[in-house]
1. Residues to consider are E159, E200, E154; find the one that is touching a Ser or Thr at 6+ places or on another chain (Cβ under 7 Å) and more than 16 Å from the ligand (Cβ to nearest atom).
2. Where in the stretch 87-176 are the strands (runs of 3 or more DSSP E), entirely inside, with at least 2 residues that are touching a Cys at 6+ places or on another chain (Cβ under 8 Å) and within 13 Å of P248 (Cβ to Cβ)?
3. Given the options G183, G161, name the one that is small (G, A, S), at positive phi and in contact with an Asp or Glu (Cβ under 9 Å, 6 or more places away or on another chain).
4. Looking at the stretch 208-225, is at least one residue within 16 Å of the ligand (Cβ to nearest atom), surrounded by fewer than 17 Cβ atoms within 10 Å (Cβ to Cβ) and of a type in the set (S, T, Y)?
5. Has the stretch 53-70 got any residue that is in contact with a His (Cβ under 9 Å, 6 or more places away or on another chain), within 16 Å of the ligand (Cβ to nearest atom), assigned to a strand (DSSP E or B) and at pLDDT 80 or above?
6. Does the stretch 181-192 contain at least one residue that is surrounded by 15 or more Cβ atoms within 10 Å (Cβ to Cβ), within 19 Å of I252 (Cα to Cα) and out of contact with any Ser or Thr (no Cβ under 8 Å at 6 or more places or on another chain)?
7. Filter the stretch 158-170 for residues that are surrounded by 14 or more Cβ atoms within 10 Å (Cβ to Cβ) and in contact (Cβ under 8 Å) with a residue 60 or more places away in the chain; which is farthest from V26 (Cα to Cα)?
8. Of the residues D71, D58, D62, only one is more than 19 Å from S104 (Cα to Cα) and of a type in the set (D, E, K, R); which?
Amino acid sequence: MATKENLTPAETVSNATTISQIFDVVARAAPEVRAGLPGRRVAAEGENPSGESQMAADVFADELLCDRLGDLSGVGEYASEEREHPVDVGTGLSVCVDPLDGSSNLKPNNTMGTIVAVYDAPLPATGADVVASAYVLYGATTTMVTARDGTVTEYVIHEDGEYEVCREDVRLPDDPSVYGFGGRVPDWVDSFTAYVREVESDPSMKLRYGGSMIGDVNQVLTYGGVFGYPTLADAPEGKLRVQFEGYPVAHIVETAGGRSSDGSQSLMDVEKEDLHARTPVYVGNEAFVAGVEEALADD
Ligand code: FBP
């Protein structure tokens with residue numbers, strides 16, 4: 001039997017096939033990740049490379065996804081928010097994963113996600129290297145949203161790992177109605193606070209913030225609006241990480257007809273050399289993201 005190490009050229013797979021396999025692995029692992037959560041609502045011993053405490057569930061999801069994705073013959077590197085360095089798993093596409101986005105929502109039993117970015121380049125990669133992205137949302141049901149070849153698709157994942165399309169060609173609605181922004185409000189910079197007050201003054205806009213980026217972004221993808229984790233007074237780069245959160249979410253939102261920004265440019269144009277580098281994140285309908293950039297322009 002061909003192992004990953006001794007594949008002949010004829011046995012190597014195309015990037016398109018590998019992307020499909022990555023989505024398949026992630027969808028089929030999702031019920032296992034979900035089933036593994038109840039017993040892992042406790043802190044793990046270590047910290048992640050960003051100095052944040054880890055839950056046992058973060059470590060569990062990371063190990064599961066590293067094993068499964070690392071086994072794919074077309075995947076060369078696996079990196080995650082939970083590991084300092086990428087793991088060399090062969091030759092091919094690089095995969096960056098946030099295994100359990102929003103894991104502080106585990107204790108209060110709220111929404112969480114898994115985020116996946118696929119790069120056709122060694123890590124750390126750039127926005128131009130993104131060839132596909134996806135997230136799983138562990139909500140009332142388990143769903144997966146993928147972006148590739150200019151199309152965003154939403155799937156429902158069943159308990160046995162089978163999955164089916166529930167929304168094809170997902171586009172941000174033209175009549176946005178939700179907004180949500182992370183960080184402590186007193187830590188926001190004044191120009192951003194003024195922007196948010198303007199958004200709030202529109203009676204058609206409702207606050208929807210749950211503390212898990214994937215849950216919050218999925219609301220924007222469903223109802224239209226804006227999500228941001230902004231520059232904070234004591235953390236100019238915000239909290240979210242470029243490779244694991246910024247690029248994949250920007251790729252999905254932009255593919256769905258929306259916009260992304262770090263405050264002055266598309267998130268896809270941000271370039272940082274550190275695998276775990278952070279960036280402010282603003283995503284949503286064009287007008288809202290343009291409004292953030294305008295508001296922050298004088299800072
Ligand atoms: P983790 O991936 O470490 O869980 O952090 C990401 C995140 O949970 C985002 O999903 C969310 O938008 C943000 O942090 C919320 O952070 P905070 O609760 O510190 O405002």
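1. Values: E159 fails: touching a Ser or Thr at 6+ places or on another chain (Cβ under 7 Å); E200 fails: touching a Ser or Thr at 6+ places or on another chain (Cβ under 7 Å).
Answer to the selection: E154.
2. 112-119
3. Working: G183 fails: in contact with an Asp or Glu (Cβ under 9 Å, 6 or more places away or on another chain).
None of the other options fit; the residue is G161.
4. Yes - at least one qualifying residue is present in the stretch 208-225.
5. No; the residues of the stretch 53-70 include none that is in contact with a His (Cβ under 9 Å, 6 or more places away or on another chain), within 16 Å of the ligand (Cβ to nearest atom), assigned to a strand (DSSP E or B) and at pLDDT 80 or above.
6. For the stretch 181-192, residues surrounded by 15 or more Cβ atoms within 10 Å (Cβ to Cβ), within 19 Å of I252 (Cα to Cα) and out of contact with any Ser or Thr (no Cβ under 8 Å at 6 or more places or on another chain): present.
7. Selected residue: V170.
8. D71 is the lone residue from the list that is more than 19 Å from S104 (Cα to Cα) and of a type in the set (D, E, K, R).
The values are calculated or read from the model by the stated rules, or taken from the named source; none is laboratory data. Nothing here was measured: the structure is a model prediction, and the numbers come from that model. Methodologically, a virtual Cβ is constructed for each residue, glycine included, from the backbone with ideal geometry; neighbour enumeration extends over all protein chains shown.
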